[in-house]
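Written below as structure tokens is the structure these notes are about.
The values are calculated or read from the model by the stated rules, or taken from the named source; none is laboratory data. In this text, all values refer to a predicted model and were calculated from it rather than measured experimentally. Counting neighbours? That spans all protein chains shown, and the Cβs are built from the backbone with ideal geometry, glycine included. Surface accessibility is based on the protein's heavy atoms, side chains included, excluding ligands, DNA and RNA. Shrake-Rupley method; radii C 1.70, N 1.55, O 1.52, S 1.80 Å.
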Amino acid sequence: MSAVRGGAARTLRVPGRHGYAAEFSPYLPGRLACAAAQHYGIAGCGTLLILDQNESGLRLFRSFDWNDGLFDVTWSENNEHVLVTCSGDGSLQLWDTAKATGPLQIYKEHTQEVYSVDWSQTRGEQLVVSGSWDQTVRLWDPTVGKSLCTFRGHESVIYSTIWSPHIPGCFASASGDQTLRIWDAKAVGVRIVIPAHQAEILSCDWCKYNENLLVTGAVDCSLRGWDLRNVRQPVFELLGHTYAIRRVKFSPFHASVLASCSYDFTVRFWNFSKPDPLLETVEHHTEFTCGLDLSLQSPTQVADCSWDETIKIYDPACLTIPA
């Protein structure tokens, strides 16, 4: 594995590993986790990569192998060393970066690939939610060996599950059944079903500044914003990607800024409050770009990862000037 400083981006090349998800540590500035898979996730094993930044670029701090592709990663919200990943064999894995080997625990209840995992962000809760190709969402307490609850209702693959950063026990899921669904961990049934696109929805995220606002990204190349108080029509639509949108993330620092990455190899930055919302298009990958995150520590820093076997951290121009 080699680190190179290319242009403004710090790059780590990981031969034979295709990146699926990247997430900055909520505790340690410059620390990044990346979930990756061999053979584009179709076969082979997976690797969890823990990276640190320094003046010369990106450094691999530690890596952990798993016997199937890893598709998503989430940091613990109460322990700076702990992460959860999910994989193609239907399991979730709990890792400790302070230990050279792992995982510490395996949670195996999903019956097909697990594509999404997220650790709750509201105080007092230490819960993980996972979404699977088996059409279920499962709720976990990492200190308990089995799931607390299973949520059913989606009629196709679940690609994305995300906790509300505002409302305890509330999470969203996005699916190949073309719906965005809002759930309450304390209730059995779904709270809201939004037919958000006429295409598979691969990603969703919750606005950090508005508890009623979510965004979806879909195979139809569009991003749509949804106000939970009135879901009949999207409150915004962002067009520009030329292939499916794989992941979307709201900015932690700007209320109306978000980023998206796509199978068109690009990462795009948007301000949905502006008449011309596309702020910038970053074209530094040569394959599907699947992982994307915006730093919680630095207002300008972004990380992404791609099937081109690279992980990049960079400061797009549009975030270095007021949006």
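A few comments on the model shown:
- Filter result (modelled with pLDDT of 95 or more, among the acidic types (Asp, Glu) and outside any strand (DSSP E or B)) within region 32-69: 68
- Within region 7-21, being touching a helix residue (DSSP H, G or I) at 6+ places or on another chain (Cβ under 7 Å) and either without any contact (Cβ under 8 Å) to a residue 60 or more places away in the chain or in a loop (DSSP other than H, G, I, E, B) (or both) holds for 16, 17.
- Lone qualifier among 113, 77 - being open to solvent by 10 Å² or more (accessible area, probe 1.4 Å) and modelled with pLDDT of 95 or more: 113
- Residue list for region 195-223, filter: among the polar types (S, T, N, Q) and assigned to a strand (DSSP E or B): 203, 216, 222
- The criterion of at least 3 residues that are under 19 Å from the mean Cα position of the chain (by Cα) and more than 19 Å from residue 176 (Cα to Cα) is met by the following strands (runs of 3 or more DSSP E) wholly inside region 224-279: 257-262, 267-271.
- Filter pass, residue 24 being open to solvent by less than 30 Å² (accessible area, probe 1.4 Å) and in contact with a helix residue (DSSP H, G or I) (Cβ under 9 Å, 6 or more places away or on another chain): no
- Long-range neighbours under 7 Å by Cβ, at least six apart or interchain, first residue at negative phi within region 211-238, second aliphatic (A, V, I, L, M) and open to solvent by 40 Å² or more (accessible area, probe 1.4 Å): 211/167; 222/239; 225/235; 226/235; 227/235
Here is a yes/no grid of residues against (1) open to solvent by 10 Å² or more (accessible area, probe 1.4 Å); (2) without any contact (Cβ under 8 Å) to a residue 40 or more places away in the chain:
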{"position": "261", "(1), (2)": "no, no"}
{"position": "271", "(1), (2)": "no, no"}
{"position": "283", "(1), (2)": "yes, yes"}
{"position": "298", "(1), (2)": "yes, no"}
{"position": "305", "(1), (2)": "no, no"}
{"position": "309", "(1), (2)": "yes, no"}
{"position": "312", "(1), (2)": "yes, no"}
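- One residue alone among 60, 51, 32 is at negative phi, open to solvent by 20 Å² or more (accessible area, probe 1.4 Å) and among the aliphatic types (A, V, I, L, M), and that residue is 60.
- Within region 168-227, the set of residues being closer than 24 Å to residue 141 by Cβ, in contact with a Gly (Cβ under 8 Å, 6 or more places away or on another chain) and open to solvent by 10 Å² or more (accessible area, probe 1.4 Å) comprises 168, 181, 184, 185, 186, 189, 190.
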